[in-house]
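We did not get these values from a lab; they are worked out from the coordinates using the rules stated. Just so it is clear, the model here is predicted, and its values are computed rather than measured. Here the Cβ positions follow ideal geometry from the backbone for every residue, glycine too, while neighbour counts run over all protein chains shown.
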Amino acid sequence: MSLKTRLQKLRQGLVEKEIDAIFVSQPENRRYLSGFDGSSGYLLITPQDTILATDFRYIEQAKIQAPDYEIFQIIGGIVDWSPKLVAELNLKKLGFEAGHITFALYHQLSDILNKAQSQLKLIPVDGLVESLRAIKEPEEIELITKAAEISDAALDNIKNMIHVGMSEKEVAWEIEKFIREKGSETIPFDVIVAFGPNSALPHAKPSSRALQSGEPVVIDIGARFGGYSSDLSRTICLGTPDNTFRKLYNTVFEAQLTAMATITQGMSGGQIDTLTRKVIEQAGYGQAFGHALGHGIGLASHEAPRLGPNSADKLTSGMVFTIEPGIYLASWGGVRIEDVVVMENGKVRAISKAKKMGV
């Protein structure tokens, strides 16, 4: 899908929302609609106009990356330049991204309009661009696949390198270094490496703790290629795993396989979360699986759809998301297995390929 097609779909959404234009501030949405990946800027999109507002640092970059956009140079604060941006467009209802604009900025914009005695109304809009991003184009899936190949290789590399006595920080650095050397852009999230009891923390930060034989090791990593992210988790054990490890690992593995075999077109994120969660509940660990089953991935490391309790997001072909059940026991540790999958023809196919251990 070309940027032109994305804009056409967005404009259809403007008609359905009965708004004249949308002010796009969310960075991933800005890039998705324009191609511009500078760290500062806004889009103003009407049925006829596409305007990219950015400051002096990014003007030339914007001209190159968003050639079909009118470039508007930001000078000063938003109170200085925003009235000029909308002055000649004859807008009555301007949508803004309610999930990204801060309350303080909303009040600033409202004050500007009131002082100018403008008839323009600000309309909160939620998920309009994100719903478009949830369905990936073939080129997007290809970029996610390349990111996944990097994280797969990083996992395989560290499994050959890790040894008893290494610290979590040492392992995390070796992973991040490898990921960058293999062509990843800035990593989408901090590398998670957690040994033993630390692995009971789903988002543990690497510490100086040294690896001991027989304990769980949770590794959660991602790479970024062409702006698109991957997300991969594996749990390994050096030495002989105890019976608790074996039971938890096999339960989590069964839960993930159940999800991948059960998901079909039209299911909601809440439905598949419930079905998968039952596997863990039946093993007696229901209270130890405290996070959602998965999340969409793309330009952001977490985006639509959401696979979790009460999620009404409908799963459909073209969506790319994670499946990551886990069990976490305080003072012992945890097990998580996560893969990125794509839904094709109503079924899911795994994009990540890193080997899983058998216990």
Report summary line: If the chain between Asp242 and Lys356 were fully extended at 0.36 nm per residue, the gain over the current Cα-Cα distance would be 39.3 nm
Query raised in the report: For Gln265 and Gln61 in the same chain, what is the full-extension length gain: residue separation times 0.36 nm, less their Cα-Cα distance, in nm?
Result: 69.4 nm
Query - FRET efficiency for Trp81 and His107, using Cβ-Cβ distance with R0 set to 25 Å, rounded to 0.05 - result: 0.90
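For region 100-173, what class follows from the C-alpha gyration tensor (a ≥ b ≥ c being the square roots of its eigenvalues): rounded when a/c is under 1.5, otherwise prolate if a/b is larger than b/c, else oblate?
Oblate is the answer for region 100-173, as a/c is 1.5 or above yet b/c matches or exceeds a/b.
Would you calculate, for the chain, the mean residue ellipticity at 222 nm contributed by helices, counting each DSSP H stretch of 4 or more residues as -39,500 (n - 2.57) and dividing by all residues, to the nearest 500? Please list the in-between numbers first.
On the way: 10 runs with 130 residues, N = 359.
So the calculated ellipticity at 222 nm is -11500 deg cm²/dmol.
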Query raised in the report: GNM on the chain, C-alpha springs below 10 Å: top fluctuator among Glu97, Glu28, Glu181?
Result: Glu181
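Could you rank the peptides 164-174, 291-301, 77-87, 311-321 by their average count of other C-beta atoms within 10 Å per residue, with the highest value first?
Taking the mean over residues of other Cβ atoms within 10 Å, the ranking is 291-301, 311-321, 164-174, 77-87.
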Report summary line: For region 316-325, in residue order, the Karplus 3J(HN,Hα) values (coefficients 6.51, -1.76, 1.60; θ = phi - 60°; whole Hz; Gly and Pro = x) are 9, 4, x, 7, 10, 8, 9, 10, 9, x
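At a Förster radius of 45 Å, what calculated FRET efficiency corresponds to the Cβ-Cβ distance of Glu139 and His163, to the nearest 0.05?
Approximately 0.65, to the nearest 0.05.
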Query raised in the report: Which residues does a label at Asp190 reach in region 132-171, if reach means a backbone N under 16 Å from a point 7 Å past the Cα toward the Cβ?
Result: 168-171
Report task. Using the number of other C-beta atoms within 10 angstrom as an exposure proxy, rank Glu140, Glu60 with the fewest first. Result -> Glu60, Glu140
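If the chain between His100 and Glu281 were fully stretched, how many nm would it gain, using 0.36 nm times the residue separation less the Cα-Cα distance? Write out the running numbers ahead of the final one.
Numbers: separation 181, 0.36 × 181 = 65.16 nm, distance 3.61 nm.
Extending this stretch completely gives an extra 61.5 nm.
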**Report entry** Among Gln212, Gln12, Gln117, residue whose mean-square fluctuation peaks in a GNM of the chain (springs only between Cα atoms under 10 Å)
**Finding:** Gln117
**Report entry** Top of Asn29, Asn198, Asn310 by mean-square fluctuation, Gaussian network on the chain, Cα under 10 Å
**Finding:** Asn310
Report summary line: Simple SL model, points at 7 angstrom along Cα→Cβ for Ser118 and Glu181; separation in nm is 5.2
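For region 223-331, what class follows from the C-alpha gyration tensor (a ≥ b ≥ c being the square roots of its eigenvalues): rounded when a/c is under 1.5, otherwise prolate if a/b is larger than b/c, else oblate? Spell out each step's value before the answer.
Numbers: a/c = 2.26, a/b = 1.39, b/c = 1.63.
It is oblate, given that a/c is not under 1.5 and a/b is not larger than b/c.
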Report task. Take the alpha carbon gyration tensor of region 152-293, find the square roots of its eigenvalues, order them as a ≥ b ≥ c, and report rounded if a/c is under 1.5; if not, report prolate when a/b exceeds b/c, else oblate. Result -> oblate
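Order of Thr54, Thr102 from fewest to most other C-beta atoms within 10 Å? Could you put the intermediate results ahead of the total?
Numbers: Thr54 23, Thr102 9.
Listed from fewest to most nearby Cβ atoms, that is Thr102, Thr54.
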Report summary line: Output for region 86-133: trypsin sites (Lys or Arg not before Pro) sitting in coil per DSSP, at most 14 other Cβ within 10 Å, listed by number, reads Lys92
Query - Label point distance in nm, Ser207-Thr274, each placed 7 Å from Cα along Cα→Cβ - result: 3.9
Query raised in the report: What are the ³J(HN,Hα) values, in whole Hz, obtained from phi via the Karplus relation 6.51 cos²θ - 1.76 cosθ + 1.60 with θ = phi - 60°, for each residue of region 183-193 in sequence order, with x given for Gly and Pro?
Result: x, 6, 6, 3, 5, x, 7, 4, 4, 9, 9
